[in-house]
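First up is the structure itself, then whatever we jot down about it.
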Amino acid sequence: MEYSNKTVYDFLIKECKTKPELWAEFGTGLTERTCDADFWESLSEELDCFRICEECGQPMIEGFVVDGCQTYCSEECLHKHISEEDYREAYNDGNGDTYWTTWYEDSNTYNGDN
């Protein structure tokens, strides 16, 4: 399931609010949607519940991982870098380091720690 950008922003707003120091540092950018690459990089260093799409630069709480390190939010972004056939081969019936995953399960919001 792919989440809309608004859903991801809403999730990250809730997540930052669970930690007042993060909200103080990042809240304005999230609520005003004034986020650039440096903003996402800084926030991702603080929160383990999202990644940034390698193609479009948007935050994502679930998506594709290729070769254990490249992340893509959608099939559209993924297939700009790897074909469907190559993805399936790298996926290797779930035994490879290429897969679909969620990161939001590592969050305070998801785990009810707020």
3J(HN,Hα) from dihedral phi, region 56-66, Karplus parametrisation 6.51/-1.76/1.60, rounded to Hz, x for glycine, proline: 9, x, 8, x, 8, 9, 7, x, 8, 10, 10
Rounded Å value of the spacing that divides the Cα centres of region 2-58 and region 61-75: 17 Å
Which whole-number percent is the relative contact order of the chain (Cα, under 8 Å, 6+ apart)? 26 percent
Comparing Gly96, Gly63, Gly27 in a Gaussian network model of the chain (Cα, 10 Å), the one with the largest mean-square fluctuation is Gly96
Which of Ser44, Ser74, Ser83 ends up with the largest GNM mean-square fluctuation for the chain, with Cα atoms connected below 10 Å? Ser83
Write down the accessible area per residue of the chain in Å², having rolled a 1.4 Å probe over the full set of protein chains. 59 Å²
Let me have the relative contact order for region 64-114, percent, based on Cα pairs under 8 Å that are six or more residues apart. 39 percent
Farthest towards the positive end of the dipole of the chain, among Pro20, Asn5, Cys56 and with Cβ unit charges of +1 on Lys and Arg and -1 on Asp and Glu, lies the Cα of Pro20
How much accessible area does Trp23 have with a 1.4 Å probe, in Å² rounded to the nearest 10? 80 Å²
In the chain the accessible area split gives carbon plus sulfur, as whole percent at 1.4 Å, a share of 40 percent
What are the ³J(HN,Hα) couplings of region 33-41, residue after residue, when phi is run through the Karplus curve with 6.51, -1.76, 1.60 and θ = phi - 60°? Round to Hz, x for glycine and proline. 6, 9, 8, 10, 4, 5, 4, 4, 4
Nearby aspartates and glutamates by direct alpha-carbon distance to Lys19 (threshold 16 angstrom, same-chain neighbours under 8 apart not counted): Asp10, Glu45, Glu46, Asp48, Asp106, Asp113
One-quarter of the Cα convex hull surface for the chain, in nm²? 7.1 nm²
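The values are calculated or read from the model by the stated rules, or taken from the named source; none is laboratory data. For clarity, every value in this text was computed on a predicted model and none was experimentally measured. Here the Cβ is made from the backbone with ideal geometry for all residues, glycine too, and neighbour counts use every protein chain on show. The protein model used for the area step is the full one, side chains on, heavy atoms only, and it has no ligands, DNA or RNA in it. Shrake-Rupley method; radii C 1.70, N 1.55, O 1.52, S 1.80 Å.
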